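Colleague: Submitted below is the structure of interest, expressed as structure tokens.
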Amino acid sequence: MSALFTPKTLGKTQISNRFVRSATNEGMATPEGEVTDRLVKVYKNLAKGGVGMIISGHMFIDPLGQASKGQVSIHNDEAVPGLKKLTEAVHQHDSKIIFQLSHSGRQVEKQVLGQTPMAPSSIHRDLINIQKPKQMSEEVIQSLILAFGKAAKRAVDAGADGVQVHAAHGYLISQFLSPFFNQRSDKWGGSDENRFNFLKEVTKEVKQAIPEDKILIIKVNGDDHTPDDGVTPPLAAKYAAWIESLGYDGIEVSCGNGAFAPFSVFRGEVPVEDMIKYFPWWKKAIARIKLQKMVGKHDLVHGYNLDAAKVIKAAATKTPIILVGGVRKLSHMEEIVEKGPADFISMARPFIKEPFIVNKFKEGKRDEVKCISCNKCFVGSRQDLPVLCYEKGYPKK
């Protein structure tokens, strides 16, 4: 029997197989961030389709940490009843569900928040939104640390099997960890140890909020792919050792950032003309130039985070590794799990197109996913469309 279909324990919880649905912002919540029936159906299908563990789309823990329209909220107690619908739908089909806790930091359009986004440092105008954030005060930082803990408690109240702390992809915790984004000189920056402090304090709050039998995992970058060095593989390895000492049950290894190199996160095609459509007229010309420069820079490489996962696994030897990023063939998945460095295979875009692919693998009906990494699902989200497969085109408005 393939190792992919054998159970594996994370913390004190047994996962039925080695397939993980990586966090995918579905864009299907109400304007207030509430769960909808359409969203529940997505999770139900993933569970029915055989996914061992489903990580939710990133949930914002604070109103000023929302990353996009249609994102799910976990920032107040009113969100809990809707979130329970997600957990109930998943638990009906022998799958586990993890809520991903996130704050966008600088990585959000000003129009979404109604004000300038905040970040560790007020530096760098990003390539897409062409905006510079405000620097967070000590008071704001402390309030957000507490907000992560409160959100974790709501995840437990909603029946989730655990939480994932989102420290990747250029969102807030990733920004604190990165020398490129974080140029503070106080206790939150200036050295690797200080840049790690925000994550360390968030972890303390989250661990206090969830019982020991709940899963606690984290998503990290093996490489930020920023113009100047941010988190690189050696620094990721240093952080991974510290993360292991904090008691995480698993580390999901990813890469990239949405502000300066969005197609480093999800490699493949760069649908320039489709993306241009959502920019206002005054941004279109410069956006086209910048997007065309991205073409060919991040073409799909199968298992493009595999080398980073090896480096991180060598530093965090006792912690299960979850690998995401361009793993498309069943034989490659089996090799990674059987020979290392990963214990779980995580996918995002393939599950958008085929929520039932795990069952098809198990039944011997398929040996590769159908996703071609055209990235039109991502472009759809930037047009405030639900995150679906748009390989054959977008709906007419």
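Colleague: Considering region 223-246 alone, what residues qualify as being in contact with a strand residue (DSSP E or B) (Cβ under 7 Å, 6 or more places away or on another chain), in a loop (DSSP other than H, G, I, E, B) and of a type outside the set (D, E, K, R)?
Modeller: HIS225, THR226, VAL231
Colleague: Something else about it: Return the residues of region 74-99 that are small (Gly, Ala, Ser) and either touching a His at 6+ places or on another chain (Cβ under 7 Å) or within 24 Å of LEU64 (Cβ to Cβ) (or both); say none if nothing qualifies.
Modeller: We begin by selecting, within region 74-99, every residue small (Gly, Ala, Ser); these are 79, 82, 89, 95.
Result: ALA79, GLY82.
Colleague: Sticking with this one: Does any residue in region 215-241 that is at pLDDT below 95 come within less than 6 Å, Cβ to Cβ, of a residue that is of a type in the set (Val, Ile, Thr) and not in a strand (DSSP E or B) six or more places away or on a different chain, and which pairs are these?
Modeller: Between residues of region 215-241 that are at pLDDT below 95 and residues that are of a type in the set (Val, Ile, Thr) and not in a strand (DSSP E or B), there is no close pair.
This table checks each residue for (1) among the hydrophobic types (A, V, I, L, M, F, W, C); (2) within 23 Å of GLY326 (Cα to Cα); (3) in contact with a strand residue (DSSP E or B) (Cβ under 6 Å, 6 or more places away or on another chain).
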site: MET1; (1), (2), (3): yes, no, no
site: THR6; (1), (2), (3): no, yes, no
site: THR9; (1), (2), (3): no, no, no
site: GLN14; (1), (2), (3): no, no, no
site: ARG21; (1), (2), (3): no, yes, yes
site: GLY27; (1), (2), (3): no, yes, no
site: LEU46; (1), (2), (3): yes, yes, yes
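Colleague: Could you please give the count of residues in region 247-264 that are out of contact with any strand residue (DSSP E or B) (no Cβ under 7 Å at 6 or more places or on another chain) and among the aromatic types (Phe, Trp, Tyr)?
Modeller: Result for region 247-264: 2.
Colleague: Ok, one more. Condition check: part of a strand (DSSP E or B), over 18 Å from LEU64 (Cα atoms) and either charged (D, E, K, R) or touching a helix residue (DSSP H, G or I) at 6+ places or on another chain (Cβ under 8 Å) (or both). Does VAL220 satisfy that?
Modeller: Numbers: part of a strand (DSSP E or B): yes; over 18 Å from LEU64 (Cα atoms): yes; either charged (D, E, K, R) or touching a helix residue (DSSP H, G or I) at 6+ places or on another chain (Cβ under 8 Å) (or both): yes.
Yes.
Colleague: So, restricting to helices (runs of 4 or more DSSP H) that lie completely within region 54-163, which ones have at least 3 residues that are among the acidic types (Asp, Glu)? Walk me through how you get there before you give the answer.
Modeller: Values: elements: 80-91, 110-113, 138-157.
Passing ranges, in order: 138-157.
Colleague: Is it the case that some residue within region 3-16 is of a type outside the set (A, V, I, L, M) and under 29 Å from VAL140 (Cα atoms)?
Modeller: Residues of region 3-16 that are of a type outside the set (A, V, I, L, M), as a first pass: 5-9, 11-14, 16.
Among the residues that remain, those that are also under 29 Å from VAL140 (Cα atoms) are: none.
No, the conditions are met nowhere in region 3-16.
Colleague: Residues in region 186-198: is at least one out of contact with any helix residue (DSSP H, G or I) (no Cβ under 9 Å at 6 or more places or on another chain) and either at pLDDT below 95 or not in a helix (DSSP H, G or I) (or both)? Can you show your working first?
Modeller: Restricting attention to region 186-198, the residues satisfying the condition of being out of contact with any helix residue (DSSP H, G or I) (no Cβ under 9 Å at 6 or more places or on another chain) are 190-191, 194.
If we keep only those that are either at pLDDT below 95 or not in a helix (DSSP H, G or I) (or both) as well, we get 190-191.
Yes, some residue in region 186-198 is out of contact with any helix residue (DSSP H, G or I) (no Cβ under 9 Å at 6 or more places or on another chain) and either at pLDDT below 95 or not in a helix (DSSP H, G or I) (or both).
Colleague: How many residues, within region 82-127, are more than 24 Å from GLY170 (Cα to Cα) and either without any contact (Cβ under 8 Å) to a residue 60 or more places away in the chain or aromatic (Phe, Trp, Tyr) (or both)?
Modeller: Of the residues in region 82-127, the ones more than 24 Å from GLY170 (Cα to Cα) are 82-96.
Filter once more, keeping what is either without any contact (Cβ under 8 Å) to a residue 60 or more places away in the chain or aromatic (Phe, Trp, Tyr) (or both): 82, 85, 89-90, 92-93.
Residues in region 82-127 being more than 24 Å from GLY170 (Cα to Cα) and either without any contact (Cβ under 8 Å) to a residue 60 or more places away in the chain or aromatic (Phe, Trp, Tyr) (or both): 6 in total.
Colleague: In region 19-52, what count of residues is obtained for those that are within 16 Å of the chain's Cα centre (by Cα) and in a loop (DSSP other than H, G, I, E, B)?
Modeller: Result for region 19-52: 6.
Colleague: Pick out the one residue from SER56, SER104 that is under 27 Å from ASN197 (Cα atoms), in contact with a helix residue (DSSP H, G or I) (Cβ under 6 Å, 6 or more places away or on another chain), among the hydroxyl-bearing types (Ser, Thr, Tyr) and crowded, with 17+ Cβ neighbours inside 10 Å. Break it down stepwise before answering.
Modeller: Details: SER56 fails: in contact with a helix residue (DSSP H, G or I) (Cβ under 6 Å, 6 or more places away or on another chain).
When all the criteria are applied, what remains is SER104.
Colleague: Moving on to the next point. Every residue in region 307-327 that is assigned to a helix (DSSP H, G or I) and either buried (at least 21 other Cβ atoms within 10 Å of the Cβ) or touching a Cys at 6+ places or on another chain (Cβ under 6 Å) (or both), please. Even if it seems obvious, please write down each step before you answer.
Modeller: Step one: filter region 307-327 for residues assigned to a helix (DSSP H, G or I), giving 307-315.
If the condition is that a residue be assigned to a helix (DSSP H, G or I) and either buried (at least 21 other Cβ atoms within 10 Å of the Cβ) or touching a Cys at 6+ places or on another chain (Cβ under 6 Å) (or both), then ALA308, ALA309, ILE312, LYS313 are the ones that fit.
The values are calculated or read from the model by the stated rules, or taken from the named source; none is laboratory data. As the structure is a computational prediction, the values presented were derived from the model and not from experiment. Virtual Cβ from ideal backbone geometry, glycine too; neighbours counted across all protein chains shown.
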